[in-house]
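The values are calculated or read from the model by the stated rules, or taken from the named source; none is laboratory data. Bear in mind the structure is a predicted one, so any value in this text is a computation, not a measurement. Every residue, glycine among them, receives a Cβ derived from its backbone with ideal geometry; neighbour counts consider all protein chains shown.
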Ligand code: CTP
Ligand code: CA
């Protein structure tokens, strides 16, 4: 019994992780997206599952396939779809990690026919999507909430602002300034900031190793 609890510290925990990009439709054949591969979120899902958690991965369009006995993948396309799926599962979750690169804007009108080109320039009106993580922070019950922050300037201050604004327990600052870190890479360089403003900086390492560092921190904050 003691041994099982030690080796599977996240046993009986339900963890939801969002991962990947979102695609916001312009017309039936075009969308606005981003370069997120989904890799960081998927590595977090695998790490959580290996630590004994029951994992739900809400995954935007990604080339990576996940097969793990304790990971349920719920594929979504748009920010709106991701929001609906996350809301459904939120009440039953113990931990939520928002690793997805959610679009901040979507086309105001989605054309049901393919847009035809015309002479001159084209403008597409965009409207804000829901900030999913902020909504989760505003509706927090018992959940432990972890966000990411992707910054290119004023990194620490911006990340601390997001931690507060979104009512998070922990934020993972992801620096795009470091060569080899971020979106399309296999490696990442992170800084962890918790709600007590403890700041911990890590070396550049594989996303698998980064996922372990993040869970080590989560488990210590949860006294697991
Ligand atoms: N996020 C979200 N829903 C959105 C936008 C972002 O859940 N519509 C989440 C991301 O998954 C991430 C965190 O919010 O965990 C921060 O995302 P980021 O893009 O760094 O910050 P924003 O709050 O969107 O602000 P900005 O892009 O202007 O820096
Ligand atoms: Ca954003």
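Going through (1) farther than 29 Å from residue 110 by Cα; (2) touching a helix residue (DSSP H, G or I) at 6+ places or on another chain (Cβ under 9 Å); (3) in contact (Cβ under 8 Å) with a residue 40 or more places away in the chain one by one, residue 92 falls short only on (2).
Of all residues in region 9-25, which are crowded, with 19+ Cβ neighbours inside 10 Å and either touching a strand residue (DSSP E or B) at 6+ places or on another chain (Cβ under 6 Å) or at pLDDT below 95 (or both)? First the steps, then the outcome.
Taking region 9-25 first, the residues crowded, with 19+ Cβ neighbours inside 10 Å are 10, 13, 15-24.
Listed by number, the residues that qualify are 15, 16, 17, 18, 19, 20, 21, 23, 24.
A quick yes/no check of all residues on (1) farther than 16 Å from residue 192 by Cβ; (2) surrounded by 12 or more Cβ atoms within 10 Å (Cβ to Cβ); (3) out of contact with any strand residue (DSSP E or B) (no Cβ under 8 Å at 6 or more places or on another chain):
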{"residue": "94", "(1), (2), (3)": "yes, yes, no"}
{"residue": "98", "(1), (2), (3)": "no, yes, no"}
{"residue": "101", "(1), (2), (3)": "yes, yes, no"}
{"residue": "106", "(1), (2), (3)": "yes, yes, no"}
{"residue": "111", "(1), (2), (3)": "yes, yes, no"}
{"residue": "117", "(1), (2), (3)": "yes, no, yes"}
{"residue": "121", "(1), (2), (3)": "yes, no, yes"}
{"residue": "145", "(1), (2), (3)": "no, yes, no"}
{"residue": "158", "(1), (2), (3)": "no, yes, no"}
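Taking first residues from region 102-114 that are more than 23 Å from residue 86 (Cβ to Cβ) and in contact (Cβ under 8 Å) with a residue 24 or more places away in the chain and partners that are away from ligand 2 (no atom under 16 Å from the Cβ) and in a strand (DSSP E or B), the Cβ contacts under 6 Å between residues at least 6 apart in sequence or on separate chains come to 111/27; 114/27. Residues in region 131-154 that are within 6 Å of ligand 1 (Cβ to nearest atom) and more than 23 Å from residue 217 (Cβ to Cβ): 131 only.
Looking only at region 181-192, decide whether some residue is touching a residue at least 24 places away in the same chain (Cβ under 8 Å), more than 16 Å from the chain's Cα centre (by Cα) and surrounded by 14 or more Cβ atoms within 10 Å (Cβ to Cβ). No: region 181-192 contains no residue that is touching a residue at least 24 places away in the same chain (Cβ under 8 Å), more than 16 Å from the chain's Cα centre (by Cα) and surrounded by 14 or more Cβ atoms within 10 Å (Cβ to Cβ). Scanning region 101-126 for residues that are more than 14 Å from the chain's Cα centre (by Cα) and within 12 Å of ligand 1 (Cβ to nearest atom) turns up 105, 106. Name the single residue, out of those in region 60-78 being in contact with a helix residue (DSSP H, G or I) (Cβ under 7 Å, 6 or more places away or on another chain) and not in a loop (DSSP other than H, G, I, E, B), that is nearest to residue 129 (Cα to Cα). This residue is 74. Scanning region 141-160 for residues that are under 22 Å from residue 83 (Cα atoms) and either free of Cβ contacts under 8 Å to residues at least 24 places away in the same chain or in contact with a helix residue (DSSP H, G or I) (Cβ under 9 Å, 6 or more places away or on another chain) (or both) gives 141, 143, 144, 145, 146, 147, 148, 149.
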